[in-house]
Each structure stands twice: as C-alpha cells, then as structure tokens.
1. Taking amide H positions as placed 1.01 Å from N in the peptide plane, with prolines and chain starts having none, which residues 5 or more places from A110, or on another chain, fall under 5 Å of its amide H?
2. Obtain the nm distance between the two label points defined at S49 and T212 by a simple spin-label model: each point lies 7 Å from its Cα along the Cα-to-C-beta direction.
3. To the nearest 0.05, how large is the calculated FRET efficiency for T56 and D196 if R₀ is 22 Å and r is the Cβ-Cβ distance?
4. With θ taken as phi - 60° and the coefficients 6.51, -1.76 and 1.60, list the Karplus ³J(HN,Hα) couplings across the stretch 25-37 in order, rounded to whole Hz; mark glycine and proline as x.
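Just so it is clear, none of the values below were taken in a lab; they were calculated from the coordinates. Only a predicted model underlies this, so the values are computations on that prediction, with no experimental measurement involved. Positions of Cβ are backbone-derived with ideal geometry, glycine not excepted, and every protein chain shown enters the neighbour counts.
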Amino acid sequence: MKRFFAFIVLVKLLLVLFIANSYAATGAATVYKVTMRKVELCTASTSASNCEGSVTIGSGDQVVDIAAVDAAAVAGTYGETALLPLGVTYTHLRVTIDRGFVIKSAAIDAGTNATTDDCKTIATTDAMYVTDEATDKYTHVPVVAEGGTNAEMNLYMPSDNYYRCENATCGAGTDDQDMTYEAASSTDQEQHAEGDSTSDHMLTYLLTTPYTVSLIPPILDISFGTQEAVGAYNVGNLCQMWAQEPVVTISLK
C-alpha cells in the first residue's frame, strides 16, 4: 500500500500552483522541484485546515523534480501506510508542501502583445528583491531581463496581496497586486494573507472514491507533463516568471 499512497500524494500536490495573469504565456520546464513536507489521510474534511481522523503517512522534507524521468520512483519512497487500521474508510488526503519551487525554463515568448520573446529563468539573487530573497520572497515577485543566462530559479507562492517589482533590482517602485489560489471542485487549499510568512501550504483533496484499508493495494499508473509548466508575463521589457500547473495523467487498475 505504500506505493499507492505515495503516488496519490504526488498527483494531488501538483494541482497547487498559483494563478497569474490570464494573458500570460506558458513554456516547458526542464527542472520542476517541489518539496513535499507532510501527507495525511482524513476520514472527512470541510476545509484545508480540517482533517478529521487524521493519520500521518508521510513527513519530513523530500524534494521531487517532477520534470525528471525518475520522478514517480522518487515519490514512491515517501510515506508509509503499513500501520493504517484495516477497515477504516478515508475520504480525503491533505498534503503540506513548501511555498517555494525550483524551476528551470528557457525561451518563452510572453505573448503576441508583449515585447519580450526570450523569457528565461535565471539564478536567484538577493539583488532581485527590495531587501533580500529571504525577507521578501512572499511579499514581492521579481522580474528579470529577457535573454539572460538560463539557470534554476527560486519561485514562490506569494501572499494574496503582493508587490510585483518594476525593474530587475526591484528598486524603481512596485505594482500592488492581488491574487488567490484556485481550487478544483473537490479541493480546498489555504490562502496566505498579507504578512503570512509561514513556508507551509496545505491542500485537501477529495479522493476519487473513498478508500477502505485492506490487505490488497490497487495498482496505479502515472505520468507527468511539464511542457506548459512555467508561466511568463510581460512587464515593460522584462519578464515575470512563475510555476504553472503541470499535466498529470493517472489511471487506477
């Protein structure tokens, strides 16, 4: 049963990502690292903060690069279900992940009306922020010059009211922005109010069908697509970059 729950965890946590400008463009990610922090099964749930009958089946930070060919195998090492009580029925899964992602993507055209056609992730530095990355990572979203040296970049889920930088060093003013984290019809995820500096992000999902613990686990096939997993938006002649939702294909047999 360990394999089943570990894979379900990864499928569900990938449906997180923050919603950016609808006029933005998307591109492929060659690196897409997510930090899994905790996984719980619930016998019922009414919100991301509510997990009745909670049983923790995985804990501790584990980074999974879902753009890598071995992503499913790596995720399969996370979580343990051997001690789940037989006969108990679980209806929801709650996942806690880190609000930071590590992304690498190159050469995104930010749209037909944009002046930027070579948006790339670049190495994150403190100079991209007003103060520094650690201080401003949830309050400010940096912008980068197009055509830079492609590298892995730290991208974060900001608070629901954040500031978008107006130049590459965030020193020429900021643009006040509002956003929410959307959820599918069967999903709840927490919002992060202005001033929320916690690194955790919780999501609760309704399982496709309730799962009653038995001695025979189901078999799950899963694949990941990251061809449109990075977003880019034109800000003057600069690029705002963020994590998009990957494509997940799953079959349960």
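1. Amide H neighbours of A110: T116, D117, D118, C119.
2. Each label point is offset 7 Å from its Cα along the Cβ direction, giving 3.4 nm.
3. 0.40
4. 9, 10, x, 7, 9, 8, 9, 8, 9, 10, 9, 7, 10
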